[in-house]
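Worksheet: one structure, shown below.
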Amino acid sequence: MEKSIYKIISFLSHPLLLPTYAVLLIFNLPTYISLYPTAIKNIIYFIVFLTTFVLPALSVVLMVNLRIINKLTLEDRKERFFPMLITGSFLIVAYVLINSIPHISIPRSVGLFLLIASISVFLSLIINFKLKISVHMVGVGALLSYFIVFTYIMNISGFFTVIGLILFASVIGFVRLSLNAHTPLQVHVGFFVGLVSGSSAYFFFL
């Protein structure tokens with residue numbers, strides 16, 4: 001039962017879902033961005049969810065069926081290359097698509113997160129040649145540091161958002177270790193890579 005709960009938590013915090021969570025947060029925190037029309041928000045939600053979750057996930061399923069990789073869980077470090085390359089590429093596609101919507105000015109912070117996410121994926125891909133870092137922790141690390149920067153730049157109170165994301169990251173780290181999906185080193189390095197990637201948003205905002 002306990003292991004099943006951990007697996008559910010691990011799935012709900014899958015790195016492919018984090019861009020969608022990030023965009024939901026961006027549009028719902030108390031900034032001018034929350035005033036965007038619901039129709040525009042829904043278009044962006046759809047594009048982000050389709051390009052950063054649905055299409056990459058289907059690509060991995062296809063690779064399993066074609067026997068390019070053995071498992072959806074990508075337990076073998078060597079099998080992560082193509083899924084990570086595809087994921088990073090789709091993040092760039094998402095960025096291009098949302099900035100190509102005619103007659104709509106997309107919040108810079110939305111596109112910026114997608115770029116930051118793609119940077120974190122490609123960094124993870126490079127590191128993966130030597131170490132199977134936790135991509136879950138890369139994702140939550142980037143999410144945390146990005147929203148620290150976001151709330152600071154937007155001059156809003158980010159206390160509860162940041163505390164919530166710290167707790168979220170702590171739970172994910174615990175779950176990944178409990179499932180024996182990673183070693184402590186892989187979890188810590190993944191989190192550090194994510195923090196560095198997300199923090200770079202500060203320089204893009206300037």
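Some values worked out for this structure:
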{"quantity": "Segment 179-189 - residue that is assigned to a loop (DSSP other than H, G, I, E, B) and of a type in the set (S, T, N, Q) and, of those, modelled with the highest pLDDT", "calculated": "183"}
{"quantity": "Top-ranked residue of segment 162-193 - restricted to ones that are touching a residue at least 60 places away in the same chain (Cβ under 8 Å) and of a type in the set (Gly, Ala, Ser), ranked as nearest to residue 150 (Cα to Cα)", "calculated": "190"}
{"quantity": "Test: residue in segment 70-83 that is at pLDDT below 90 and touching a Pro at 6+ places or on another chain (Cβ under 8 Å)", "calculated": "yes"}
{"quantity": "Lone unmet requirement of (1) surrounded by 12 or more Cβ atoms within 10 Å (Cβ to Cβ); (2) more than 22 Å from the chain's Cα centre (by Cα) for residue 67", "calculated": "(1)"}
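The values are calculated or read from the model by the stated rules, or taken from the named source; none is laboratory data. Since the model is a prediction, treat every value here as computed from it, not as a measurement. Please note: Cβ atoms are built from the backbone with ideal geometry, for glycine as well, and neighbour counts cover all protein chains shown.
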